[in-house]
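J.: I have a structure here, written as structure tokens, and I will follow up with some questions on it.
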Amino acid sequence: MDVVVGRIAKAHGIRGELAVDVRTDAPQERFAIGAVVATKLRDGSERELTVAAAREHSGRLLVRFEQVLTRDVAETLRGALLTVDTGALPPTGDPEEFYDHELAGLRAELADGTVLGTVAEVVHSPAGELLELDVDGREVLVPFVRAIVPTVDLAGGRVVLEPPEGLLE
């Protein structure tokens, strides 16, 4: 299974550098020099890229890949998703930490067992992580904090929510 670690926003400069919107909690590992990521292009094709350099810039990561040497090539990658195989990810080592892909698809329910919907994805915002829930076909964002999401049960395939009044409306 592949997990998205970034999305190429645009080309930056004339030497093939790319502005990447990071979608991982460990960009220093995923975009370390020599790291390999796969790209899923808009046309459905895939290719592997090797990180040659990475640096932070204006809330994004500027990444140079060994295989992308010019701005023209970089432009062809605009909008591509950058992925890694989940089998290559090390265990978090902390029972309170989760990879985004582990949470996506979990059943979201209240403490009394009432099923609300499913976790569609984890949204990383400047204010913190949010769980995007699919509740009867509508998107609901829930802060991913212990006070609201006290239980994450990966083995049971569920997250338990104790939302404050009005949050799910």
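J.: Long-range amide H contacts for residue 80: which residues qualify at under 5 Å (H placed 1.01 Å from N, peptide plane, sequence gap of 5 or more or a different chain)?
T.: For residue 80, whose amide H was placed from the backbone, the distant partners under 5 Å are 8.
J.: Please give the charge dipole size of segment 92-169, origin at the Cα centre, charges +1 on K and R Cβ atoms and -1 on D and E Cβ atoms. Round to the nearest 20 debye.
T.: Dipole of segment 92-169, to the nearest 20 debye: 80 debye.
J.: Here's a follow-up. Given R₀ = 45 Å, what would the calculated FRET efficiency be for residue 165 paired with residue 97, taking r from the Cβ atoms and rounding to 0.05?
T.: 0.95
J.: Next question, about the same structure. Need one number: nm distance between label points at residue 151 and residue 78, each 7 Å from Cα along Cα→Cβ, rounded to one decimal.
T.: Between residue 151 and residue 78, the simple spin-label model gives 4.8 nm.
J.: When the helix-only estimate is applied to the chain (DSSP H runs of n ≥ 4, each -39,500 (n - 2.57), divided by the residue count), what is the mean residue ellipticity at 222 nm, nearest 500 deg cm²/dmol?
T.: The helix-only estimate for the chain comes to -1500 deg cm²/dmol at 222 nm.
J.: While we're on this one: Given 0.36 nm per residue, what is the gain on full extension from residue 38 to residue 26 after removing their alpha carbon distance, in nm?
T.: The residue 38-residue 26 span can extend by a further 2.7 nm.
J.: Along the charge dipole of segment 2-88, Cβ charges K/R +1 and D/E -1, which of 70, 6, 26 sits furthest on the positive end?
T.: 70
J.: By how many nm would the segment from residue 112 to residue 127 grow when fully extended, if each residue of separation counts as 0.36 nm and the alpha-carbon distance is taken off? All intermediate terms of the calculation are to be shown ahead of the outcome.
T.: Numbers: separation 15, 0.36 × 15 = 5.40 nm, distance 2.89 nm.
Stretched fully, the residue 112-residue 127 segment lengthens by 2.5 nm.
J.: Could I ask something else about it? Name the trypsin sites (Lys or Arg not before Pro) in segment 84-165 that are in a loop by DSSP and that have at most 11 other C-beta atoms within 10 Å, would you? Don't skip to the answer; put the middle values down first.
T.: Values: sites: 107, 138, 146, 158; in loops: 146.
Hits after loop and neighbour filter: 146.
J.: Sticking with this structure for a sec: Please figure out what share of the DSSP beta bridges in the chain is antiparallel and state it in percent, rounded to the nearest 5. Let's see the in-between values first.
T.: Details: 47 of 51 bridges.
About 90 percent, rounded to the nearest 5.
J.: Continuing with the same structure: Non-local amide H neighbours of residue 12 (under 5 Å, H modeled in plane, Pro and chain starts lacking H): which ones?
T.: Placed amide hydrogens put 17, 18, 19 under 5 Å from residue 12.
J.: Which FRET efficiency, nearest 0.05, do residue 50 and residue 14 yield, Cβ-Cβ r, R0 25 Å?
T.: 0.75
J.: Would you mind working out the magnitude of the charge dipole of the chain relative to its Cα centre, with +1 at each Lys and Arg C-beta and -1 at each Asp and Glu C-beta, to the nearest 20 Debye?
T.: That gives a dipole near 960 debye.
J.: Once you order the gyration tensor axes a ≥ b ≥ c over the Cα atoms, which shape class does segment 100-161 get: rounded for a/c under 1.5, otherwise prolate or oblate by comparing a/b with b/c?
T.: Rounded shape, in that the Cα axes give a/c under 1.5.
J.: Which one of 168, 147, 59 has its Cα pushed farthest toward the positive end of the charge dipole of the chain, where Lys and Arg give +1 and Asp and Glu give -1 at the Cβ?
T.: 59
Every number here is computed from the coordinates shown, using simple stated rules; none is lab data. Small disclaimer: the values here were computed from a predicted structure and weren't measured. Ideal geometry is used to build each Cβ from the backbone, glycine not excepted, and the neighbour counts take in all protein chains shown.
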